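The structure appears below as structure tokens.
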Amino acid sequence: MNRRSSVTGRFALVNGRVVLPGAVIQGKAVVIERGKIIGVVDVGALGAEVERVDVGGRCITPGLLDLHTHGAVGHTFNEPTADAFGTICAENARRGVTGLVATLATAPIPDLVACLNFARAWMRAPRDGARVLGTYLESPYISPAQKGALDPENIRLPNDGTADVLLEHSDVIKIFALAPELPGALPLVEKLARRGIVPAAGHSSARDDQMLAAMRVGLRHVTHIWSAMSTTIREGPWRRPGVLETALTYDGLTVEMICDNKHLPPTLMKLAYKCIGAERLCAISDATNGAGLPEGSRFKMGALEYQVCDGVGMMLDRSAFAGSTTLVNEMIPILTNVVGVPLAQAIRMLTLTPARVIGIDARVGSIAPDKDADLAIFDDDWRAWRVMIGGEWVYLQ
């Protein structure tokens, strides 16, 4: 499946629909050399010496980036093994994903440390499959009332001293999700921001004043909107907005949305897109190890067991979703056909916007000169036909 194949010299992808951040264009060639995009030019401007790869009218996009994904096909990133990381990255590359942030679910601190150590070693060497761009901690510092499918046995407080152990691995942590209302959360948010880690509000019961206080010290991202977060409540005659309303309102926050058409009905996805827009809203999979498994399959994350039911991960008692079983290439037609997002904006939500969240948009996330040649070519059904990372084919259908 993942077969690295180099193309020497300058070459061009032709006869495709090229998805740019603001438009889908035809009649152009994407020119690549030495692992970089040289530019998007008229086909007639190509010299005779330039090798041409005819993509047969297919869609050429930047490589997809999944900012929040736990695993696939029976494995999670909470397993610090080459088999787990390799399997997940290979499956994602097969779907057109060229980069992902390996997301760790709440677990005992020693287990999280083992995963962070393994991720660091994994990222230091060239690998097949999608690149691991860093890790995303759905940390233990969350609200018990908003735990969702996370194991309550591992929930902790930010001021218990354990966060410093995790931050010894700040070089590989890209995003750190926590509940801003907890004791010690604000100093931790400030510490994360100083270290260049994206502080995120997630699995939280915060009110808007607590969110705004966290934003003043560095909070700038919100996990899976509508999932495991507070919303407006009444205290006597007063309305108290929560994490949801803050995410919909403030331009200083980027926001994730699980676009599997299971976690959220179309109306809520439409509302998020209308309020937030493609420049701040990321489409994520939040995929678990149930992704790619058949209906009815059971899977475990830590000590808890879940099941693939009706095309989504479920708690066995059906009390909560347990992550998505849909990978991000399958979310593109949901965004365009169900939510009504224009194709260029839907792709932006899966490429340039997540790249900006973690600060790598100068290198990847759009088809532009001097960026890495991380590209995906899709059939009309959004199955990947070919996938390229750094100018090398890593998947050929």
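Every read-out reported here was derived from the displayed coordinates using simple, explicitly stated rules and does not represent laboratory data. Quick caveat: nothing in here was measured; it's all calculated off a predicted structure. Cβ atoms come from the backbone with ideal geometry, glycine included; neighbour counts cover every protein chain shown.
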Please find the FRET efficiency linking Thr232 to Ala125, where r is the Cβ-Cβ separation and R0 is fixed at 56 Å, and quote it to the nearest 0.05.
0.70
Most mobile listed residue (Tyr306, Tyr141, Tyr250) in the chain, GNM with C-alpha springs under 10 Å:
Tyr250
With springs connecting C-alpha atoms under 10 Å apart, model the chain as a Gaussian network and identify which of Arg120, Arg195, Arg207 has the largest mean-square fluctuation.
Arg195
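Express the relative contact order of the chain as a whole percentage, based on alpha carbon pairs under 8 Å and six or more residues apart in sequence.
22
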7 Å from Cα along Cα→Cβ at both Asp310 and Asn337: what's the point-to-point distance in nm?
2.0
With Cα springs under 10 Å, the Gaussian network model of the chain assigns the largest mean-square fluctuation among Met229, Met215, Met123 to Met123
Roughly how tilted is helix 109-124, in degrees to the nearest 10 and between 0 and 90, from the longest Cα axis of the chain?
20
Residue pairs, from the table Lys274/Lys300; Lys36/Lys174; Lys147/Lys262; Lys191/Lys300; Lys147/Lys174, whose Cα atoms sit over 30 Å apart:
Lys274/Lys300; Lys191/Lys300
Restricting to the chain, compute how many DSSP beta bridges are antiparallel as a %, nearest 5.
55
Note to self, the chain gives a 222 nm [θ] from helices alone (DSSP H runs n ≥ 4, -39500 (n - 2.57) apiece, / all residues, nearest 500) of -6000 deg cm²/dmol
The exposure ranking of Ile258, Ile360, fewest beta-carbon neighbours within 10 Å first, is Ile360, Ile258
How tilted is helix 82-94 with respect to the longest principal axis of the chain? Cα atoms for both, answer in degrees (0 to 90, nearest 10).
60
Point-to-point label distance, Ala48-Arg363, nm (Cα→Cβ direction, 7 Å offset):
3.9
Using the Cβ atoms and a cut-off under 13 Å, what net charge is assigned to the surroundings of Gly134, where Lys and Arg are +1 and Asp and Glu are -1?
+3
Potential lengthening between Arg383 and Leu271 on full extension [0.36 nm per residue; Cα-Cα distance subtracted]
37.6 nm
Between the alpha carbon centres of the range 18-32 and the range 65-122 the gap in Å comes to 31
Could you work out the relative contact order of the range 1-153? I mean the mean sequence separation of Cα pairs under 8 Å and 6+ apart, divided by the number of residues, in percent.
19
What is the distance in Å between the Cα centroid of the range 370-388 and that of the range 261-302?
21
Excluding residues on the same chain fewer than 8 positions from Lys28, give the aspartates and glutamates whose Cα lies under 15 Å from its Cα.
Asp42, Glu51, Asp54
